[in-house]
Amino acid sequence: MSSVRRCSRTACGRPAVATLTYVYADSTAVLGPLATYAEPHCYDLCAVHAERLTAPRGWDVVRLAADVGPLRRSSDDLEALANAVREAARPQTPRQTRLPEPDPTEAGRRGHLRVLRSPDN
């Protein structure tokens, strides 16, 4: 199976380069760079269909700038990934938690509720 995502338009087999999302509450169609993952309520479009996109009458189209070049991983990305793997592999040590000092005005506690002493006492 090919890892290249295809255009969502019927009978179009070209590779997708942009993702279309509808914001129904704002009557807006948002066309941006190809999403990292295929989402169920988004549409992937090829360059031809992304360029020719029109929205229904009364709707706005927002075109977000797309990155033209291929996605390149930097050494910072690789280092961040390595650090995350090291952190996940590190054995967990139980943390010593200190209980808060009791409040002298507090007479009792039940769940998130507190019973306070009267300041007159």
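Any read-out appearing in this document is the output of simple, stated calculations on the displayed coordinates, not a laboratory observation. Bear in mind that the values here come from a model prediction, so they are computed numbers and not experimental data. Note that we place each Cβ from the backbone using ideal geometry, even for glycine, and neighbour counts take in every protein chain shown.
With each label point set 7 Å from Cα along the Cα-Cβ vector, what nm distance links ARG6 and ALA35?
2.0 nm
Once you list every other residue whose beta carbon is under 13 Å from the beta carbon of ARG5, what net charge do they have if Lys and Arg are +1 and Asp and Glu are -1?
+1
Quickly work out the ASP60-to-ASN83 label distance, labels modelled 7 Å from Cα along the C-beta direction, and quote it in nm with one decimal.
With each label point 7 Å from Cα toward Cβ, the separation is 3.8 nm.
Could you work out the local net charge near THR21, counting Lys and Arg as +1, Asp and Glu as -1, over the other residues with Cβ closer than 14 Å to its Cβ?
Net local charge, THR21 excluded: -3.
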